[in-house]
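The values are calculated or read from the model by the stated rules, or taken from the named source; none is laboratory data. If you're wondering where the values come from, they're calculated on a predicted model, not measured in any experiment. Every residue, glycine among them, receives a Cβ derived from its backbone with ideal geometry; neighbour counts consider all protein chains shown. Please note that ligands, DNA and RNA were not included when accessible areas were found on the heavy atoms of the full protein model with its side chains. Shrake-Rupley method; radii C 1.70, N 1.55, O 1.52, S 1.80 Å.
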Amino acid sequence: MLIVECLQTNVISGSIDYPVYVGFLSAADIARVAEAPSFEVTTPNEQISTNIASQPVRDWQRPLDPDRVEGIARTFDNSGSLMPNPVLLGQNAFIAGAITIAPKTLNNSPLMTGTYEVTINDAVVTPGQKPLWILDGQHR
């Protein structure tokens, strides 16, 4: 179980109100609870386009490029280095109940802190079914 303290805002697009949460996780924690739903290098283009037309989309990211990951890791695997680029995460559409969000209160008080606790339950995760999807930033 992983708990992330987040700021929250809403983004309105048309008549739909989307809550957006901003928090911070280490790369190791992101790898533990999130994955990029990627098609394989050998996946035919026709299958990719058919998949993208169905909802929810099961895989859409290009395959992971190990050389790119290694280059990024070499650059930022130093003490004192920081990569401020965000990794955009979303809830896996095929897993229910793994994410809970609650306003955070002060200890032993009903007063709100203005932040939210996002709890990610990764205890029942199977390979290929992590609770979060990496929507952008899989190489980071």
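Search segment 32-45 for residues being without any contact (Cβ under 8 Å) to a residue 60 or more places away in the chain and surrounded by 10 or more Cβ atoms within 10 Å (Cβ to Cβ), and hand back the single one that is farthest from Ile3 (Cα to Cα).
Among residues in segment 32-45 that are without any contact (Cβ under 8 Å) to a residue 60 or more places away in the chain and surrounded by 10 or more Cβ atoms within 10 Å (Cβ to Cβ), the one farthest from Ile3 (Cα to Cα) is Pro44.
Just to verify a result, which residue in segment 57-76, among those that are farther than 23 Å from Leu132 by Cα and exposed (fewer than 10 other Cβ atoms within 10 Å of the Cβ), is modelled with the lowest pLDDT?
Only one residue fits best here, namely Arg74.
Does Asp29 satisfy the condition of being modelled with pLDDT of 80 or more, of a type in the set (D, E, K, R), surrounded by 14 or more Cβ atoms within 10 Å (Cβ to Cβ) and closer than 26 Å to Ala73 by Cα?
Spelling it out, Asp29 is indeed modelled with pLDDT of 80 or more, of a type in the set (D, E, K, R), surrounded by 14 or more Cβ atoms within 10 Å (Cβ to Cβ) and closer than 26 Å to Ala73 by Cα.
Output the residue which, of all residues in segment 85-100 that are aliphatic (A, V, I, L, M) and open to solvent by 80 Å² or more (accessible area, probe 1.4 Å), is farthest from Thr119 (Cα to Cα).
Here the answer is Leu88.
Give the number of residues within segment 77-106 that are modelled with pLDDT of 85 or more and either of a type in the set (D, E, K, R) or more than 19 Å from the chain's Cα centre (by Cα) (or both).
The number of residues fulfilling the criteria is 4.
Pick from segment 46-56 the residues that are of a type outside the set (S, T, N, Q) and either farther than 24 Å from Pro131 by Cβ or surrounded by 13 or more Cβ atoms within 10 Å (Cβ to Cβ) (or both): which of them is modelled with the highest pLDDT?
The residue in question is Glu46.
Those residues that are among the small types (Gly, Ala, Ser) and under 14 Å from Gln129 (Cα atoms), I need them from segment 19-35; list them, please.
Of everything in segment 19-35, those that are among the small types (Gly, Ala, Ser) and under 14 Å from Gln129 (Cα atoms) turn out to be Ala31, Ala34.
Among the residues of segment 32-58, how many are more than 26 Å from Ala73 (Cβ to Cβ) and among the basic types (Lys, Arg)?
1
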